[in-house]
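The numbers here are math on the coordinates, done by the rules we state, and not lab data. Every value quoted in this text rests on a predicted model; they were computed, and no experiment measured them. Note that each Cβ is placed from the backbone with ideal geometry, even for glycine, and that neighbours are counted across all protein chains shown.
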Amino acid sequence: MKKTRQPVKQRPLPGNESTLRLLWQDPMGRAGMIGIGLIIIMAVFAPWIARYDVAQMHARNRLQGPSAQFWFGTDNFGRDVFSRIVYGARVSLVVGIVAVGIAAGFGYLLGMIAGFFEGKTETVIMMVMDIIFAFPSILLALFIVAALGTSIVNTMIAIGIVNIPVFCRTVRASVKTVKSTDYIANARSIGLKRMSILFRHVTPNVMAPFTVQATLALSGAILTEASMSFLGLGIQPPNPSWGSMLSDARKYMEQAPWLVIFPALFIIITILSFNILGDALRDVLDPKLKL
Amino acid sequence: MRDYIIRRLIMLIPILLGISIAIFVVMQLIPGDVVSGILGIEQTPELRAMWEKKLGLDKPLVEQYFSWIGKAVTGDFGESFRTGAPVFPEIMSRFKISAELAVLACIIAWIIALPLGVLSSLKRNSVIDRIVRVVALMGVSIPNFASATLLILFLAKGFNYHTPVKYAGLFENFGVNMQIMLLPALVLGSVMAGSVMRMTRSSMLEVLRQDYIKAVRAKGAPERVTIFRHAFKNSSIPIVTLVGMQIGSLMGGTVVIEQIFSIPGLGQYTLTGISQRDFPVVQGCVLFIAVVYVLVNLLVDILYTYIDPRISYS
């Protein structure tokens, strides 16, 4: 009997299937999603997950090792390390999301304007971006915080400003590519207004690199916040930040190593998850780059 | 080539001016004012007027900017509010220490990253490749302050080893200097190695797919020649670009690492300036680091011609 040829099972192209499902099918993407999912759950449900108030001191239980009562031990003030780590997730995510929001918002607008209008506007915008880019990012963030003063809002603003050029450059490059395509020429020829072309036809096509950039920038923003807090110039007490927890722990690390290990572990897991997800997202949205 | 360098140096002028303006503008954002910061509760109108005159704050902003930048280009970055010592000589002496740390970190990064990146590309999808990719991902994902703290903890608990506290210069006492510098350089280098490894792998894979590599192999060239003379050399442009870009994060990294390992470099000086709100120090350090960063990237651009003579600068 003649065998009927089975249709070849093809990997669906992006757009045919939701990006989330494609990400879930990729082992790295799945690992990243699970890691980030857990951190988000910790941050959102912190009041229910934390076992004690972050500032509550247990004077008799100072520098206690991990136990059934204090899962991750206690610090030099007798505060529960587990509860502080749980609330620290909230601080890290909020700072990261707001900072990337500021950067993405401004970067998107400036990149769109620079890429679409070109000429002097583009020259001026890109020169400002080059100037911001000429500073090492952590140094610029520290410099801005030094001038504005240390607070959670100023930390977010500083990290946001530092990240604007990356978004601006990404969007500008995509807009320039999209602009030269036939469908944009067609949109122009039927008399669509510039703003309509920009937001209805160009925007959807710059979203892929923009989303990848946002994911990677989130890990960078969380890292910068942790570094700044570690140096005492980010999140200020009594707000718990993984960076400042790690910094405070250094004095006691030989007698209480858990004070160093747990915050370090959570910083690493968070940044690793975002980086893995960013890589997987790039592979899904732009398979040409996958090597 | 010489014309290209001159042209690039001229193009640097607006960027450097922009950097100086950005620094000056940020310094104007300081809440309150600098004089109140210096005088604290002891301020009287006379003292205030005297300090404003001394610092040139009684002049219009544009004049203040030109006065500051005019002095800065001659190497006068002002005096520290705290110690009264001139800032520029202090920056120069500390820069040597930070530069040594950065160079050591680069060497460590290259020693780790380049062979592993090449190996990973040659053994694509093998166990070695997977291990290298995981190591590289860990390298870029572990913050330098976390790995530094964990490394210090590991050495102290496991081997009862503590780094020497008192700093010694490279030519003053080589042994002590290396004991102090190697650990921080390893931490900084491992972060850099992660990105360089990833870039080396993907860049090599891209080149190995090219037709000319097939042609080289077809004519019977030994694999070593194919890999190093033909593939690696042509894949090094993106790697060099990345290294140039990473000099910035390396310099930012020194701010954190020097603090952890108590190294009296430029990063520690900057951070002390920031935490003590010593503005001439902060302003001077930030300007100096940004200028060095821009110049290093120019050097990287020039280096391209040596790596790939096809790049024309005419």
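The charge dipole of the range A:226-291, taken about the Cα centre with unit charges on the Cβ atoms of Lys, Arg (+1) and Asp, Glu (-1), comes to about 80 debye, rounded to the nearest 20. Counting Cβ atoms of other protein chains within 10 Å of each residue's Cβ and taking the mean over peptide A:230-238 gives 3. Compared with the direct C-alpha span, the chain from A:Ser196 to A:Ala55 gains 45.6 nm at full extension, assuming 0.36 nm per residue. Label-to-label distance for B:Glu172 and B:Glu42 is 3.1 nm, based on points extended 7 Å past Cα in the beta-carbon direction.
Our Cα-only numbers for the range B:62-180 put the radius of gyration and Dmax at 21.5, 64 Å. Remark on A:Tyr52: its backbone amide H falls under 5 Å from those of A:Ser83, a criterion applied only to residues 5 or more positions apart or on other chains, H modelled at 1.01 Å from N. Average projection, convex hull of the Cα set of the range B:231-283: 4.7 square nanometres. The mean number of Cβ atoms from other chains found within 10 Å of a Cβ in peptide A:176-184 is 0, as a whole number.
Each residue of the range A:232-245 is assigned a 3J(HN,Hα), and the resulting list reads x, 10, x, 6, 9, x, x, 4, x, 10, 4, x, 6, 4 Hz, derived from the Karplus form 6.51 cos²θ - 1.76 cosθ + 1.60 (θ = phi - 60°), x at Gly and Pro.
Summarised as an ellipsoid, the range A:71-112 has semi-axes of 37, 7, 5 Å, derived from the eigenvalues of the Cα gyration tensor scaled by 5 and square-rooted, with the largest first.
Sorted largest first, the principal axis extents computed over the alpha-carbon atoms of the protein assembly as shown equal 102, 67, 58 Å.
Ordered by the count of other Cβ atoms within 10 Å of each Cβ, fewest first, B:Ile260, A:Ile276 give B:Ile260, A:Ile276. Using alpha carbons only, the radius of gyration of chain A set against its Kirkwood radius gives Rg/Rh = 1.08. Considering only B:Gln43, B:Gln276, B:Gln246, the Gaussian network model of chain B with Cα springs below 10 Å gives its largest mean-square fluctuation to B:Gln43.
Each pair of Cα atoms in chain B enters the Kirkwood radius, and Stokes-Einstein at 20 °C and 1.002 mPa s then converts it into a translational diffusion coefficient of 95 µm²/s. Working note: Karplus 6.51/-1.76/1.60 with θ = phi - 60° gives the range B:5-11 the couplings 4, 4, 4, 5, 5, 5, 5 Hz, where Gly and Pro are set to x. Between B:Leu295 and B:Met1, the contour length at 0.36 nm per residue exceeds the alpha carbon distance by 104.2 nm. The largest-to-smallest principal axis extents of the Cα set in the range B:93-275 are 60, 35, 30 Å.
Farthest toward the positive end of the dipole of the protein assembly as shown, out of B:Tyr212, B:Ser249, B:Tyr269, is the Cα of B:Tyr212, where the dipole comes from beta carbon charges about the Cα centre.
When you count the other C-beta atoms within 10 angstrom of each residue and take the mean per peptide, B:96-103, A:58-65 line up highest first as B:96-103, A:58-65.
Here the average projected area of the convex hull drawn through the C-alpha atoms of the range B:1-105 stands at 9.8 nm².
Taking Cα pairs under 8 Å and at least six residues apart, what relative contact order does chain A come out at, in percent? Show your work: numbers first, answer last.
On the way: 412 pairs, mean separation 70.9, N = 291.
For chain A, the relative contact order is 24 percent.
Shielding of peptide A:141-153 by partners, expressed as the average count of other chain Cβ atoms within 10 Å per residue Cβ, is 5. Each Lys and Arg Cβ is given +1 and each Asp and Glu Cβ -1; about its Cα centre, the range B:2-72 then shows a dipole of about 460 debye.
Taking square-rooted eigenvalues a ≥ b ≥ c of the alpha carbon gyration tensor, is the range B:172-262 rounded, prolate or oblate, where a/c under 1.5 means rounded and, failing that, a/b exceeding b/c means prolate? Prolate. FRET efficiency for the pair A:Ser180 and A:Thr19, taken as 1/(1 + (r/R0)^6) with r the Cβ-Cβ distance and R0 = 22 Å, rounds to 0.30. Across the range A:100-112, coupling constants 3J(HN,Hα) worked out from phi with the 6.51/-1.76/1.60 Karplus curve, θ = phi - 60°, read 5, x, 4, 5, 5, x, 5, x, 5, 4, 5, x, 4 Hz, and Gly and Pro carry x.
Based on every Cα atom in the range B:118-177, Rg and the maximum pairwise Cα distance Dmax equal 17.5, 48 Å.
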